[in-house]
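Novice: Sending over a structure as structure tokens; questions will come in a sec.
The values are calculated or read from the model by the stated rules, or taken from the named source; none is laboratory data. What you see is a predicted model, and the numbers here were worked out from it, not measured in a lab. Cβ coordinates were reconstructed from backbone atoms using ideal geometry, including for glycine residues, and neighbour counts include every protein chain displayed. Areas reflect the complete protein model, heavy atoms only, side chains present, ligands, DNA and RNA absent. Shrake-Rupley method; radii C 1.70, N 1.55, O 1.52, S 1.80 Å.
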Amino acid sequence: MMQAIFIYLATVCVVCAVLTVSLRQPVYNVMALLTMFFHVAGLYVLLNAEFLAVVQIIVYAGAILVLYLFVLMLLNLRSESRHLHRQWPFAVLILGSVAAMLVGAMQAGGFGLPTGEAPAQVIQAVGNTESIGLTLYTDYLLPFELASLVLLVAMIGAIVLTKKELIQDHGEEQS
Amino acid sequence: MELGTTVLLAVIQIAVVMGVVLLSVAYMTYAERKVLSFMQDRLGPMEVGPWGLLQPIADGLKLFMKEDIIPSGANKIIFAVAPIICLIPALIGFAVVPYSEGFSLLGGTGGTITDLNVGLLYIFAFASVGAYGVILGGWASNSKYALLGGLRSGAQVISYELVIGLSIVGVLLLSESLSLRAITEHQDGGFWHWNLWVQPVAFVTYVIAAVAETNRLPFDMPEAESELVAGFFTEYSGMRFAFFFLAEYANMILVSCLASVLFLGGYEAPAEFLNFVPGFVWLALKTWALLFFFIWIRGTFPRVRFDQLMKFGWKVLIPVALVNILVTAVGVYIVNN
Amino acid sequence: MGLIRSIFMTELLMGMKLVFKQMFKPYCTLQYPHVRHDIPDGYRGLMSLLRYEDGSERCVGCSLCEAACPSNCIKVVSDEVPGQPLVRYAREYYLDITRCVFCGFCTEACPVDALAMTKVYEASVFDRRDLMFDKRKLYELGEQHLADGKAYLIAHNMDDGTLFPKEGLGDNRYSFPPVDLGEGERPVTVGLTREALEMELSKQ
């Protein structure tokens, strides 16, 4: 049962990921990506990580992808032929070698690796949100804060880039 | 419990909840027309049935029998899918709303269709997906009004989702859970235990953001009829239009349900001696009071301008909500230690 | 102070309070098809032609209404009454309601008070040709709404004389008293009765 669901989710994920880069209509690409995000969320649910699943939908589907769609609608890339499609043999070559490498690594390593400190039973006992919160704010506090810093820098950068003209105008007036 | 019983229990509860929700949606349109009429010294619909009580049914039949027009140049697939993308998230959120205290039914526990431990986030996840229906519907219609309406709606929904998300954090800090049932039970025992009294600022920001999130007056930019005809569903007709309509009203009922669960104690009675009244009656009463509030402000305020809306969201509501989180967190820390 | 006011949204709440109070005021609309307004006597509704009380037509075919009409919607075809030289009537009378502006000048121009406006305002039809009123339709309207027509003439034209000739003459109106040709007591009809007219038309 679980395996059947996993196979379904994984297949749709892969198919949608391929469709995301291969469809010609940009809005269809976004829709394929949206479908993929939902199925990735489904994979999280299978792993007893409901919090991650829901956050996946809120952040990726609800916020980031809507902005993509926004930009696409404003750009109106209706039937623009895209040169990237001509490079597909190279892409297949590179991705094929990467995939072969991955499969080889998995064959060599096997699946019997240690499960870590938080298997499904522990998570269910403590609670999904609590366990993530505890891990994030104790063990991984530094990476978490660094990530927030990176995001802050990106935000300031975006503001500076979009308000460049205003800032320059202001400077010229003063000088 | 066997799988068959679980499924049967779920199906029964889904059928009942969806029936009540769809009936409420239908009569919400009636109530809106009536209340607005009374506010404007009119009578509203009076012809179909006594006091026009059958009006929503007549309207529904009319919409479902109308011709379905797809404009030329529209993207047919997305045009057809958009209303459904809009409607499903609005209805799916009711799955985690606890409508009554737990009662045993068929060997299982009723009272919620499913009590997710991330219930609140689940609702917001699907509410944010609802914006796709609006944006795609606007884009696929091949009409400038629809496109502008869709863009406005996208910007508005994204901005005000942040406000909603931030204003509920205070409640989460208090009840220490994301499960709606746990949040409700935390407010047990009389109306003075309601989160409303502990989190008044969050309540106000939540309600304002909820009005904006559901595209209602005075924040109905996406469908501002005096400038955009009907906004993102200008080109829609018949059943697809009805889907958008249903989605809007179902969303209103959902955010009202959520507000009554988060701030007004959900199905809990306002005082101990009123405990004999079943829980769903209290939830319905609180929800309808909030829905009346929605209609009330629609009857009172004129539409704000789009830049005012954005400025208000980003420069007033979000800072206020953030300060509220800070104050609540400090308060919870002091009380707990 | 202003800051406190805007934080507590006093002005918005004041507005909401006003709207809430308004909910309990009585409604001021009429449930139209079931309840109708009382229309004043001077109301300018659809046009109609009147008859004398013995059934003869008032209209003498003078075409003054046609001359007075600012939108040229009246067409009168005048003719002699057969066998009665010097006595004329309107053989045909057309009024195009789609062009009529309901100014009432024709009723003011009419020297014999043959034209009156009724209180009928529901003029919608399924076929626009039905809005081209002919003589028969106008007389029908006059018969159906005789009281309204009389009331209009009294209120609008300030006329109380020619309408009721036996009660004295009006001073702002020409009067055409029934012509007595010396034959019998009964006043001779000016114009034709409807039945006579129909016979006349069927002969042609």
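Novice: Within the stretch B:116-148, track down each residue that is more than 9 Å from every other protein chain (Cβ to nearest Cβ) and hydroxyl-bearing (Ser, Thr, Tyr).
Specialist: If the condition is that a residue be more than 9 Å from every other protein chain (Cβ to nearest Cβ) and hydroxyl-bearing (Ser, Thr, Tyr), then B:141, B:143, B:145 are the ones that fit.
Residues are listed down the side, and each one gets a yes or a no for (1) in contact (Cβ under 8 Å) with a residue 24 or more places away in the chain; (2) away from chain C (no Cβ under 14 Å); (3) crowded, with 16+ Cβ neighbours inside 10 Å:
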position	(1), (2), (3)
B:41	no, no, no
B:44	no, no, yes
B:57	yes, yes, no
B:63	yes, yes, yes
B:67	yes, yes, no
B:80	yes, yes, no
B:86	yes, yes, yes
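Novice: Given B:135, B:123, B:113, which one is in a loop (DSSP other than H, G, I, E, B) and either over 22 Å from residue B:210 (Cα atoms) or open to solvent by less than 10 Å² (accessible area, probe 1.4 Å) (or both)? Write out each step before concluding.
Specialist: On the way: B:135 fails: in a loop (DSSP other than H, G, I, E, B); B:123 fails: in a loop (DSSP other than H, G, I, E, B).
Among B:135, B:123, B:113, only B:113 is in a loop (DSSP other than H, G, I, E, B) and either over 22 Å from residue B:210 (Cα atoms) or open to solvent by less than 10 Å² (accessible area, probe 1.4 Å) (or both).
Novice: Kindly indicate the residue of the stretch C:1-11 that is loosely packed, with under 13 Cβ neighbours inside 10 Å and in a loop (DSSP other than H, G, I, E, B) and also nearest to the other protein chains (Cβ to nearest Cβ) among those meeting that condition.
Specialist: Applying the first criterion (loosely packed, with under 13 Cβ neighbours inside 10 Å) to the stretch C:1-11 yields C:1-8, C:10-11.
Narrowing further to those that are in a loop (DSSP other than H, G, I, E, B): C:1, C:8.
Values: C:1: 19, C:8: 10 Å.
Selected residue: C:8.
Novice: Of all residues being open to solvent by 20 Å² or more (accessible area, probe 1.4 Å) and polar (S, T, N, Q) in the stretch B:3-23, which is nearest to the chain's Cα centre (by Cα)? Just the residue, please.
Specialist: If we take residues in the stretch B:3-23 being open to solvent by 20 Å² or more (accessible area, probe 1.4 Å) and polar (S, T, N, Q), then B:6 is nearest to the chain's Cα centre (by Cα).
Novice: Pull up the stretch C:92-102, narrow it to residues that are open to solvent by 30 Å² or more (accessible area, probe 1.4 Å) and either in contact (Cβ under 8 Å) with a residue 60 or more places away in the chain or not charged (D, E, K, R) (or both), then point me to the one that is farthest from residue C:41 (Cα to Cα). Walk me through how you get there before you give the answer.
Specialist: Of all residues in the stretch C:92-102, those open to solvent by 30 Å² or more (accessible area, probe 1.4 Å) come to C:92, C:94, C:98-99, C:101-102.
Those left that are additionally either in contact (Cβ under 8 Å) with a residue 60 or more places away in the chain or not charged (D, E, K, R) (or both): C:94, C:98, C:101-102.
On the way: C:94: 25, C:98: 23, C:101: 18, C:102: 15 Å.
It comes out as C:94.
Novice: Related question: Quick check on my filter: what residues within the stretch C:12-49 are part of a loop (DSSP other than H, G, I, E, B), open to solvent by 100 Å² or more (accessible area, probe 1.4 Å) and within 14 Å of chain B (Cβ to nearest Cβ)?
Specialist: Going through the stretch C:12-49, the residues part of a loop (DSSP other than H, G, I, E, B) turn out to be C:23-46.
Filter once more, so that each one left must be open to solvent by 100 Å² or more (accessible area, probe 1.4 Å): C:24-28, C:32, C:34, C:36-38, C:44.
Scanning the stretch C:12-49 gives C:24, C:25, C:26, C:27, C:28, C:32, C:34.
Novice: Still on this model: Only residues that are of a type in the set (Ser, Thr, Tyr) and open to solvent by 60 Å² or more (accessible area, probe 1.4 Å): list them for the stretch B:88-105, please. Even if it seems obvious, please write down each step before you answer.
Specialist: Within the stretch B:88-105, the subset of a type in the set (Ser, Thr, Tyr) is B:99-100, B:104.
The answer is B:104, and nothing else.
Novice: Take the residues of the stretch C:62-76 that are among the aliphatic types (A, V, I, L, M) and open to solvent by 40 Å² or more (accessible area, probe 1.4 Å): which is nearest to residue C:48 (Cα to Cα)?
Specialist: Within the stretch C:62-76, the match that is nearest to residue C:48 (Cα to Cα) is C:64.
Novice: For a quick check of your reading: which helices (runs of 4 or more DSSP H) sit entirely within the stretch B:219-337 and have at least 1 residues that are free of Cβ contacts under 8 Å to residues at least 24 places away in the same chain?
Specialist: Values: elements: B:225-228, B:238-262, B:279-300, B:306-311, B:318-336.
Counting at least 1 such residues, we get B:225-228, B:279-300, B:306-311, B:318-336.
Novice: Among the residues of the stretch A:65-101, write down those that are modelled with pLDDT under 85 and aliphatic (A, V, I, L, M).
Specialist: Of everything in the stretch A:65-101, those that are modelled with pLDDT under 85 and aliphatic (A, V, I, L, M) turn out to be A:66, A:67, A:69, A:71, A:72, A:73, A:74, A:75, A:77, A:84, A:91.
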